[in-house]
Structure formats: C-alpha cells, structure tokens
Amino acid sequence: QVQLVESGGGLVQAGGSLRLSCAASGRTFSSYAVGWFRQAPGKEREFVATISGSGGSSTYADSVKGRFTISRDNAKNTVTLQMTTLKPAETAVYYCAAGLRMMPTPSWYRYWGQGTQVTVSS
C-alpha cells in the first residue's frame, strides 16, 4: 500500500516556475515508478512525466521536455516535479501516481494522490 500527497501548487504568472512535491508513505516506495499527470476542467487526464523506481530513468511528454524535470529521493520518499516557463494552458490539477511500470497512461498507475492545483495567469 502506498499513499501519496502532493504539495507545491499555486498561482504563478506565465513564464514563471513552480516546484511540486509528492510525498509517499510505504516501505516499498522505491519499487514503484512515479508519474505526474494533469487534468484541466473538461479535459482528460494528461501524462506529464514519469520516473523509474531507482530514479535512473525518466520520460516526459513532448509538450514539457526541456522545461520540466522530474526527480526522486527514495531516502525521503519524495518525488519532485520542477516546472519552468509555465504557460496558461498548463493550468490544471496536477496528480502524482505510483505504479509498477513507467508508462504514460493513467491506467498503469495503482495509487494516486489527491492532486494540487496549478494556475498559470497570462
């Protein structure tokens, strides 16, 4: 069982940066890949980035490559998403999720946090 809690969301101007954190409970956290997804009102949940259990591999959506960085600290049971050059269209609720494989599809992830709101103003 893994429980996830996101934090770090908020209001930022276009072009600004935010750092999201995902804190996990559970002794086997390093066994899980962790993904970040986002969902805007009226839209489907969208893949943002994912990282392997060891932290040695990561994958990004094309729309965020070069601007977002995912990292993890298994000693602290945390995963971080550093977001830069944010755009108004990236306003959404951001979720972290844990699963057994690094996949860009929400259905591969078994455990989900409650989400944190990111609002990018123009």
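Values in this text are rule-based calculations from the coordinates and carry no lab data. The structure presented is a predicted model; accordingly, all values stated were derived computationally and were not measured. Here Cβ is always computed from backbone atoms with ideal geometry, including for glycine, and neighbour counts include all displayed protein chains.
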Taking 0.36 nm per residue of sequence separation and subtracting the Cα-Cα distance, how much length would be gained by fully extending the chain between Ser7 and Lys43, in nm to one decimal? 10.8 nm
Can you list the residues of region 93-119 with backbone N under 11 Å from a point 7 Å past the Cα of Ser52, pointing along Cα to Cβ? 102
Can you say what percent of the DSSP beta bridges in the chain, counting only those with both residues inside, are antiparallel? Round to 5. 90
Under 16 Å from the Cα of Lys87, which lysines turn up, not counting those fewer than eight places away in the same chain? Lys65
Taking the Cα centre of region 36-86 as origin and charging only Cβ (+1 Lys, Arg; -1 Asp, Glu), how large is the dipole, in debye to the nearest 20? 80
